[in-house]
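The values are calculated or read from the model by the stated rules, or taken from the named source; none is laboratory data. Note that the structure is a prediction, hence the values are computed from the model and not measured. A quick note on method: Cβ atoms are made from the backbone with ideal geometry, for glycine too, and the neighbour counts reach across all protein chains shown.
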Amino acid sequence: MTTFNIIMVVCCLPIWPIMYFLTRNYAKPKKNIILGATLPHSAHGDSDTQEIIRAFKSQLNLFMLPLLPLIAPPFFMTMGPAMTWYMTWLLVLIVAPFAIFAHYRNKLIALKRERRWYSEADGQTLADVRAAAIPPQKINGLWFLPPIIAAFVPVAYSLLNTADWAFTIIYITFALTAVLFWLCYYLIFRTRLDVFNENLTLTMALRRVRLYKWGKFWLVSTWLTGVLTLLLWVFDNNVTAILITTIVYTILLIAVALYTEFGAREAQQKLTAGCTGKLYVDEDDQWIWGMFYYNPNDNHFLVNDRVGINMTINLAKKGAKTLMIISLALILAMPFIGVWMWVEESVPAGLVLSDTELIARHTRDQYVITLNTIESAELIDELRTTMKLNGANFENLYKGIFQVRDIGTARLCVQPQDPPFLVVTAGGQVYIFNDADSDVTRGIYAQLTRR
């Protein structure tokens, strides 16, 4: 359980500063936008505006700071309840800051309407055809090739040398991820231009900022993924090295994403800080709660977020609502992952031997082996797994594909604390089973050896 909790804390804890600092950063003006509300430059220092900003920051601190130590209680729980706690904690961490943001954004919008702080281009979607006619500078695609090639080296080696297919799938996954990062770079050139006002020079500068920051992010991410794939291949069965490498990769990827996002926001802030004219983009009515874009007059499915480098979808487009509903459902379902694990670890493993089949059960028939395919059967008293390749490894249940010392890759459905263990080779595959009742495991082994 300690290892599980350490892994979960390492994975979950970085989300806290990401959510806190990203949300808090919305209080700074960028392209005349403060907390998702577009305001004229003259309104930025208004006492009522500043009071709303102070209240937003105070409320964010009041909620987020006490949430931080609440990641600790799972260390005193079993895995199922612990996972339920972590997922609920993450759900609250993701939803609450945006709820606070939306609340104070609405306050600013109400103040804006009361003071009639509107742009001469209020409600219009502006597009600068002059800027669109200027071809953007792109990173040479050859810079993406070395990490992609490096990522496919383990794949090719595994396929040519008939290596363990579970490892091959891992290599293929990361190799395709590297390719996906490369393709995502070209996707950014299909989004709408960042138009702030009628100033072509400013529009081009904002465009260069976004493309440069995005391009650097996707290039670095591709290189990190290529290096990770090679290291996973080199380390092979070294669980500690693989775990450390994966954690370092995750931390670096998050760091690069944050550095890129905050860099883009800072550049946008500096570029637009001195613009005090009355003609500027004001699309507040197209942004629900300042977060969700809905504009039937915009033909783009993907659009740029108004600040930073992120992209979002146009909910007015066909399929976008479905995608959003699915995404929200997945987020809201997060705590049920823990509930599922709770059920999994509470159900004991079982073994059933019929006249024709050996069945390993856990919540359902996990493995069904026809008896005439069994090549050998052995009973062991010690099970030493070195790595989980696929499946679940609770404190009282191993289920799935594991690397087992002195045996190799095997398919498990066992309670590791209740020996003995039945090792069966069938159809070229190795299986390791046991029953919650050790007498049942021994009895089935005796029947198999008499056949």
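Things to note:
- For residue 231, the stated conditions do not hold, so it cannot be described as out of contact with any helix residue (DSSP H, G or I) (no Cβ under 6 Å at 6 or more places or on another chain), closer than 19 Å to residue 147 by Cα and at pLDDT 85 or above.
- Odd one out for residue 41, checked against (1) modelled with pLDDT of 85 or more; (2) surrounded by 16 or more Cβ atoms within 10 Å (Cβ to Cβ): (1)
- When residue 201 is tested against the conditions (1) modelled with pLDDT under 90; (2) under 24 Å from residue 310 (Cβ atoms); (3) among the polar types (S, T, N, Q), the lone failure is (2).
- Test: residue 131 is modelled with pLDDT under 90, surrounded by fewer than 20 Cβ atoms within 10 Å (Cβ to Cβ) and part of a helix (DSSP H, G or I): yes
- Some residue of the range 406-417 being under 28 Å from the mean Cα position of the chain (by Cα), under 28 Å from residue 80 (Cβ atoms) and either at pLDDT below 85 or among the small types (Gly, Ala, Ser) (or both): no
- Inter-residue pairs, beta-carbon under 6 Å, first modelled with pLDDT of 85 or more and in the range 308-331, second exposed (fewer than 11 other Cβ atoms within 10 Å of the Cβ), 6+ apart: 316/296
- Residue within the range 360-374 that is aromatic (Phe, Trp, Tyr) and either on the phi > 0 side of the Ramachandran plot or assigned to a strand (DSSP E or B) (or both) present: yes
- Here residue 425 clears all of (1) more than 28 Å from residue 168 (Cβ to Cβ); (2) out of contact with any Leu (no Cβ under 9 Å at 6 or more places or on another chain); (3) of a type in the set (Val, Ile, Thr) except the condition numbered (1).
- The range 354-368: number of residues that are crowded, with 18+ Cβ neighbours inside 10 Å and either farther than 24 Å from residue 4 by Cβ or touching a residue at least 60 places away in the same chain (Cβ under 8 Å) (or both): 4
- The sole residue among 232, 258 that is outside the structural domain of residue 32 (by TED's automatic domain parsing), over 21 Å from residue 214 (Cβ atoms) and touching a residue at least 24 places away in the same chain (Cβ under 8 Å) is 232.
- Any hit, the range 433-450, residues being surrounded by fewer than 18 Cβ atoms within 10 Å (Cβ to Cβ), within 15 Å of residue 367 (Cα to Cα) and small (Gly, Ala, Ser): no
- So residue 191, is it modelled with pLDDT under 85, among the β-branched types (Val, Ile, Thr) and either exposed (fewer than 14 other Cβ atoms within 10 Å of the Cβ) or in contact with a Gly (Cβ under 7 Å, 6 or more places away or on another chain) (or both): no
- Each residue in the range 24-55 was checked for being touching a strand residue (DSSP E or B) at 6+ places or on another chain (Cβ under 8 Å) and within 17 Å of residue 268 (Cβ to Cβ), and 9 pass.
- When 422, 379, 389, 412 are checked against the criterion of being over 30 Å from residue 338 (Cα atoms), part of a strand (DSSP E or B), not assigned by TED's automatic domain parsing to the domain that holds residue 240 and not charged (D, E, K, R), a single residue qualifies: 379.
- Unique match (being buried (at least 16 other Cβ atoms within 10 Å of the Cβ), part of a loop (DSSP other than H, G, I, E, B) and in contact with a strand residue (DSSP E or B) (Cβ under 6 Å, 6 or more places away or on another chain)) among 307, 303: 307
Quick grid of which residues meet (1) aliphatic (A, V, I, L, M); (2) more than 25 Å from residue 97 (Cα to Cα); (3) out of contact with any Asp or Glu (no Cβ under 9 Å at 6 or more places or on another chain); (4) not assigned by TED's automatic domain parsing to the domain that holds residue 150:
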| site | (1), (2), (3), (4) |
| --- | --- |
| 206 | yes, yes, no, no |
| 211 | yes, yes, yes, no |
| 228 | yes, yes, yes, no |
| 249 | no, yes, yes, no |
| 254 | yes, no, yes, no |
| 270 | no, yes, yes, no |
| 297 | no, yes, yes, yes |
| 312 | no, no, no, yes |
| 319 | no, yes, yes, yes |
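- Taken over the range 391-428, residues that are in contact with a helix residue (DSSP H, G or I) (Cβ under 8 Å, 6 or more places away or on another chain) and acidic (Asp, Glu) amount to 2.
- Which numbered condition residue 255 misses (of (1) surrounded by 14 or more Cβ atoms within 10 Å (Cβ to Cβ); (2) closer than 21 Å to residue 14 by Cα): (1)
- Any hit, the range 320-339, residues being in a strand (DSSP E or B), surrounded by 16 or more Cβ atoms within 10 Å (Cβ to Cβ) and of a type outside the set (Asp, Glu): no
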